[in-house]
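Some notes on the structure that comes next.
Just so it is clear, none of the values below were taken in a lab; they were calculated from the coordinates. Note that the coordinates shown come from a computational prediction; the quantities given were computed from them, not determined experimentally. Note that each Cβ is placed from the backbone with ideal geometry, even for glycine, and that neighbours are counted across all protein chains shown.
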Amino acid sequence: MSDLTAGMAADPKPVAIIMGSQSDWETMRHAADVLEALGIAHDCRIVSAHRTPDRMVAFAKGARAAGTKVIIAGAGGAAHLPGMVASLTPLPVFGVPVESKALSGLDSLYSIVQMPAGIPVGTLAIGKAGATNAALLAAAVLALSDEALATRLDAWRAARTAAVTERPE
Ligand code: RP5
């Protein structure tokens, strides 16, 4: 276990949200909000594939031993973080393409979604919708072995259904 993940083992959190930059937090905070609402412990970290590659390797190699079950990785532009992390851990990795200034996130999406066969990254939509849905997918995975969480997730979904009015107001 690395220095980076050593602290995580004492207080294991099933979901790790990582992002390439502080600037990604505006998007990735929506994943954290959903996990918070569902009562899922999570850890949020800035892990850049090109600015802090050693941190990325230490995180990815130590994540399973640290008790992480699912990784949500957000990045923008040449967004190699989710794929690199997926190559270093057997844990499921959900990638969130962050909307970029230059190409509105299409660059991020293409960088994340086109993984060659053998190293999967579950790729979500660009931006807030993707971050939100990454958290919901992580919750669904964890709910397979956690009945209490499955009940909370059902309630969360039922509340969303109930919030849809029959006619516009
Ligand atoms: C990527 O470059 C990050 O994931 C971010 O989306 C993008 C821009 O980063 P900053 O220049 O805002 O730090 O590595």
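General remarks:
- Theoretical gain in end-to-end length, GLN22 to LEU91 [0.36 nm per residue, Cα-Cα removed]: 22.5 nm
- Ordered by the count of other Cβ atoms within 10 Å of each Cβ, fewest first, MET19, MET84, MET56 give MET84, MET56, MET19.
- Our coupling estimate for the range 64-71, obtained by passing each phi through the Karplus curve with A = 6.51, B = -1.76, C = 1.60 and θ = phi - 60°, is 5, 5, 7, x, 6, 10, 9, 10 Hz, Gly and Pro reported as x.
- Ranking of ILE119, ILE40, ILE46 by neighbouring Cβ atoms within 10 Å, starting from the fewest: ILE119, ILE46, ILE40.
- Most mobile of GLY76, GLY130, GLY39 in a GNM of the chain (Cα contacts under 10 Å): GLY39
- Between amide H atoms placed 1.01 Å from N, distances below 5 Å from ALA73 occur with ILE18, PHE94, GLY95, VAL96, all of them 5 or more places distant or on a separate chain.
- Environment charge of LEU88, counting only residues whose C-beta is closer than 14 Å and scoring Lys/Arg +1, Asp/Glu -1: +2
- Loop-located trypsin sites (Lys or Arg not before Pro) in the range 76-169, at most 14 other Cβ atoms within 10 Å (DSSP): LYS101
- Local electrostatic count at GLU26 - Lys and Arg +1, Asp and Glu -1, tallied over other residues with Cβ under 14 Å: 0
- Linear extension gain, ARG160 paired with TYR110, 0.36 nm per residue minus alpha-carbon span: 15.0 nm
- Taking the C-alpha atoms of the chain, convex hull volume expressed per residue in Å³: 128 Å³
- Magnitude of the charge dipole for the range 3-162, about its Cα centre and with charges confined to Cβ atoms of Lys, Arg (+1) and Asp, Glu (-1), is about 120 debye.
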